[in-house]
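Reading through the structure tokens given below for one structure.
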Amino acid sequence: MVEQEVDSLIERARKLVSSQSAESLSLAGRARELAKSADYHRGEIASLVVEANALHMFGRHNEAHDALLTAMERGERFGMGQERGEALQMLARLYYTRGEYERASDCWCACVELPDDDIAPEVRIRAHIGLGQLLFAHEQFDSALAHHRRAAVLAEERDDAQLTSCCLINIAVDLMRLGLQTESVATLKQALPLVRADKNYEYEAEIYSVLGQIDMARGDMGRARMSLMVSLKINRLHINTWGEASNMLWLGQCSLAEGAFDSASDELSRALVLAQGMGSQHLMANTHSALADLCRCNGEMDAAAEHEKQYRSLRQQLLEHARSPRLATMELRLTPEPS
């Protein structure tokens, strides 16, 4: 039966999004074409959402955005069910990556408020994680930690190892930014066996990236580079463009701290190309800041000034998003009261 075949393809594609993105994209495309030919509307909508997820992993954000809007448009005509929540969650991730924080907050808040029939429990948990990440991006680390801990409780109630490990990684990053490095490392070590058992390579790469950043903060550049290179290898193997860009930025900063300016130039230049390709304002801003430092070290003051100008411009755009009344309202409504 066609519907069963489509559903099977979608399920296989969904499971492979993080570990084998190319195969996931291929399976989702086959499912979409098959569903379309059979007028199986729910299957077509679901395959579009999974396809968008895989495209996001490749950094092909405009294509992912188009796929999600098509899914939402068809959903308005034929009904969506729980794909509505999944599509909103993916749209939020895309907007977040591009620095469109008001749109991201709109989508994540909508996910949290959807009735149960329109959103799977795990997608609602991911929306809470996303709201925490949004607050983190605006340097509100205590509020971010509160959201991520709330999401972790919900994930543990569902006995979901993947979501629990995702929550733990986000909690570890929050703790790192709050200067609680020992607690952060302990949290990452708690997440690592869950991630390996689930064969979630995206999360494994993220764990090694955070460990590398902690080693950098502690001044152990050799150890930091080893962890970051492990993360980079995983991200390149599984074509995680955002992860690769982040790795190259941190490796560039590591090289800069070591005085290896040629290596830093190569790494930061690569990070900037990837960040620009994705339209990630946050990554672009941080990379321009690092490049400004590098140019100053090389005595290239005009180039340093230009990178500093780019950094300040992008930073100003991010701060303008942070000051928006909509984000302030979101924080007041969704941040838990102190116990």
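The values are calculated or read from the model by the stated rules, or taken from the named source; none is laboratory data. Everything quoted here is computed from the prediction, not taken from an experiment. Glycine also receives a Cβ, built like all others from the backbone with ideal geometry; neighbour counts cover every protein chain displayed. What goes into the accessible areas is simple: the full protein's heavy atoms, side chains included, and nothing from ligands, DNA or RNA. Shrake-Rupley method; radii C 1.70, N 1.55, O 1.52, S 1.80 Å.
Full extension of the chain segment joining Met229 with Glu63 gains 56.8 nm, where the gain is 0.36 nm per residue of separation less the Cα-Cα distance.
Counting only protein heavy atoms and a 1.4 Å probe, region 1-71 has 44 square angstrom of accessible area per residue. Note on Arg223: accessible area approximately 140 square angstrom, rounded to 10, probe 1.4 Å, nucleic acids and ligands left out. Surface composition of region 65-191: carbon plus sulfur atoms contribute 46% of the solvent-accessible area (1.4 Å probe, protein chains only, all chains present). On full extension, the segment bounded by Ala197 and Asp220 gains 5.4 nm, given 0.36 nm per residue less the C-alpha separation.
Relative contact order, whole percent, for the chain stands at 12, derived from Cα pairs under 8 Å and 6 or more residues apart. Summing Lys and Arg as +1 and Asp and Glu as -1 over all other residues whose Cβ lies under 12 Å from the Cβ of Gly277 gives a net charge of +2. Using the Cβ-Cβ distance between Asp302 and Asp142 with R0 = 30 Å, the FRET efficiency computed as 1/(1 + (r/R0)^6) comes to roughly 0.15. Between Glu73 and Glu156, the modelled labels are 4.5 nm apart [label points 7 Å from Cα along Cα→Cβ]. Sketch the reach of a paramagnetic label on Gln82 as a point 7 Å from Cα along Cα-to-Cβ, and name the residues of region 145-162 whose backbone nitrogen lies under 18 Å away. It comes to 154-162, nothing else.
Straight-line cross-link partners of Lys233 among the lysines, defined as a Cα under 25 Å from its Cα and at least 8 positions apart when in the same chain: Lys15, Lys189, Lys199. Neighbours of Glu244 by Cβ distance under 15 Å: Lys/Arg scored +1, Asp/Glu scored -1, total -1.
With contacts taken as Cα pairs under 8 Å and at least 6 residues apart, region 214-317 reaches a relative contact order of 19 percent. Considering helices alone, the calculated mean residue ellipticity of the chain at 222 nm is -28000 deg cm²/dmol, with DSSP H runs of length four and up weighted by -39500 (n - 2.57) and normalised per residue. With R₀ set to 30 Å, the beta-carbon distance separating Glu258 from Glu183 gives a calculated FRET efficiency near 0.65. Summing charges over neighbours of Ala290, with a neighbour being any other residue whose Cβ is under 15 Å away from its Cβ, gives -3 when K and R count +1 and D and E count -1.
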